């Protein structure tokens, strides 16, 4: 009896456990994240960015390589007179030689390796800047898609309300059945439009998850507002110096120019050959025959050898010319990118101002009147003062304008993100 009661109690607990687990899974799946959290997660987990960070080991290895000295050389020499009929004569020599850098080549190579690390750090910072821009754009794309889904839901709800009104009026004999059929068509059209909007939302979310580097199966919910207030008190004249001083791509080219100077310094030092010093210990055994008696003599010698190429034909002219050409190239690219950055700031600022102007037109003249017009038209239809086509047309206009308003909000946010990326500065405070 007790076992049966226990079994029944266990069976009753199963649905409870399943319910708790299901609710916990739902909570885990519905993690809400804001834009700062999305950006922070992306900077830590984006696949391309993580791969680029791993390349630091290549630069570190280059620095280690630049600081290493050449390996010493071990020489072993042996000779015998057995092949020439003097088997008693032989020689053995053991030598050790080392190449030494002159003109401070090792220090100059270390300087170039440091410049390479500087270039890499600024290139990594620039990739992070571009990733922030991509993530912000993808975030606002996904947010716009969510708002469009909500707008599509409202369209469906209004069409269903209108269908209820037409059913009541048809039952009362006020309208023909054709009007109700027209509303049914509009309802089906709005439901089909919602399917397309949901599809676009899923695509935008997938792009955002990819940029973030989310694991497969993660489905967080993004939280944000397209209509968040944005204040811009700075002019292009204020923003250009900020961009010049903050842009990582400019700093990367400045570091590359510095490496060009270091390359020239090293190329001049390379015109001076390196010195090779060697130490040798030698043993020579000779045989002499005097009066039929053969005697042997063994001699030990210690020698020092110094060798250095004579720079007659090759004084590293080609290396010096190559270093100068690289420096000139980096200087030209630095001048060009500085000019391009200023133009990019002007374009981004103009785009933001245009988006803000369009949005102000919606807020000041269009949106306030739109809701009232729709309500008046719906009420007039209930009273039989207008036909169904007028209501359908007004609802279409209402949702088209609202969709345009959402697009204007999205354009302003993305334009502001582009401006922040061009300036490499969080214009609401801080440097990227």
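Miscellaneous remarks
- Residue-span extension gain [residue 150 to residue 74] - 0.36 nm each, minus C-alpha spacing: 19.4 nm
- Computed Rg/Rh of region 96-177, alpha carbon atoms with Kirkwood Rh: 1.76
- Degrees, to the nearest 10: 35-45 long Cα axis against longest axis of the chain: 30 degrees
- Spin-label pair residue 202/residue 184, simplified geometry with 7 Å Cα→Cβ offset, distance in nm: 2.9 nm
- Using a Gaussian network model of the chain in which every pair of alpha carbons under 10 angstrom is joined by a spring, one finds that among 242, 158, 94 the greatest mean-square fluctuation is at 94.
- The gain in end-to-end length when the residue 31 to residue 366 segment is fully stretched comes to 117.0 nm, 0.36 nm per residue minus the alpha carbon separation.
- Helix-only mean residue ellipticity at 222 nm for the chain, each DSSP H run of n ≥ 4 adding -39500 (n - 2.57), per residue, nearest 500: -24000 deg cm²/dmol
- Here residue 94 and residue 328 are evaluated by their C-beta separation; at R0 = 60 Å the FRET efficiency comes out at 0.75.
- The orientation-averaged shadow of the Cα convex hull for region 364-425, equal to a quarter of the hull surface, comes to 4.8 nm².
- Region 384-417 and region 199-215: distance between their alpha carbon centers, rounded to Å: 26 Å
- Taking all Cα pairs closer than 8 Å and separated by 6 or more residues, the relative contact order of the chain comes to 23 percent.
- Efficiency of FRET from Cβ geometry, residue 106 and residue 315, R₀ 25 Å, rounded to 0.05: 0.80
- R0 of 35 Å, Cβ-Cβ distance residue 397-residue 339: FRET efficiency to nearest 0.05: 0.15
- Each of 154, 59 was scored by other Cβ atoms within 10 Å of its Cβ. Listed from fewest to most, they are 154, 59.
- Gap separating the Cα centres of region 309-323 and region 32-83, nearest whole Å: 29 Å
- Cα centroid separation - region 244-270 against region 144-177, whole Å: 67 Å
- Note on residue 52 and residue 218: the extension gain reaches 57.3 nm, defined as 0.36 nm multiplied by sequence separation minus the Cα-Cα distance.
- Averaging the sequence gap over all C-alpha pairs within less than 8 Å and six or more residues apart, then dividing by the number of residues, gives region 19-155 a relative contact order of 28 percent.
- Convex hull volume per residue, computed on the Cα atoms of region 33-82, equals 105 Å³.
- Residue order, fewest to most surrounding Cβ atoms within 10 angstrom, among 398, 100: 100, 398
- Histogrammed with a bin width of 20 Å, the alpha carbon distances of the chain distribute as 16, 29, 24, 16, 10, 5, 1, 0 percent, first bin at zero.
- Fewest neighbouring Cβ atoms within 10 Å first, the residues 116, 177 line up as 177, 116.
Read-outs throughout are calculated quantities, based only on the coordinates presented, and are distinct from any laboratory measurement. Computed from a predicted structure; not experimentally measured. Cβ atoms come from the backbone with ideal geometry, glycine included; neighbour counts cover every protein chain shown.
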